[in-house]
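J.: Before anything else, here's the structure in question.
A short reminder: the numbers here are calculations on the coordinates, not readings from a lab. The structure displayed is predicted, hence computed values, not measured ones. With ideal geometry, Cβ positions are generated from the backbone for all residues, glycine too; neighbour counts draw on all protein chains shown.
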């Protein structure tokens, strides 16, 4: 009988020591439908960024393309010079735009979708997936609601105009950076160029 007294302790160790797994909250289609619930159509506009656009965007982001925090276990991500913009339309009139952005969290990548009106003001956003041990609080409406109404003129910085989630500071900063980057991407491609 005493041979298996170690089994409960071993099982507990396995459960507690396991790495955080990926949590998918929204797939691609559901995320777009969430951002544009009234849209008749959603059209993708893939854009290649020019070197000038990349530099302008990085200029708004403190010279960074990706926010790496000390203590993060996320792998380095490469600078991507192409972006997919998703435009929601109703009765053939564009009603908004959304961008999917991935930033490193403490334990792995966090994938966001950020929607804006055509002037570049945040109207909706969601966490699509994360690999975090304490990532769930950054996906709540309470936390994400802070970003609604933010524009290129907004600071969008944890500790200033964004409150961090207790125990998830790196993920909170990643969220703020993702929103700021999406606004900067849209502004650089559509609001400061000759494109319509």
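J.: If the label point is 7 Å along Cα→Cβ of residue 118, which residues in region 92-109 have backbone nitrogen under 18 Å from it?
T.: Of the residues in region 92-109, 92-99 have backbone N under 18 Å from the label point off residue 118.
J.: May I ask for the percentage of alpha-carbon pairs in region 21-191 that lie more than 27 Å from each other?
T.: 19
J.: I need to check one value: relative contact order of region 21-191, counting alpha carbon pairs closer than 8 Å and at least 6 residues apart, in percent.
T.: Here the relative contact order equals 23 percent.
J.: With a Förster radius of 41 Å, plug the Cβ-Cβ distance of residue 81 and residue 140 into 1/(1 + (r/R0)^6) and report the FRET value to the nearest 0.05.
T.: 0.80
J.: Then there is this: Counting other beta carbons within 10 Å of each Cβ, put 118, 144 in order, fewest first.
T.: 118, 144
J.: Another question about this same structure. Please order 190, 112 by the number of other Cβ within 10 Å, starting at the fewest.
T.: The order, fewest Cβ neighbours first, is 190, 112.
J.: Stretched out fully, how many nm does the piece from residue 65 to residue 50 gain, at 0.36 nm a residue minus the Cα gap?
T.: 4.0 nm
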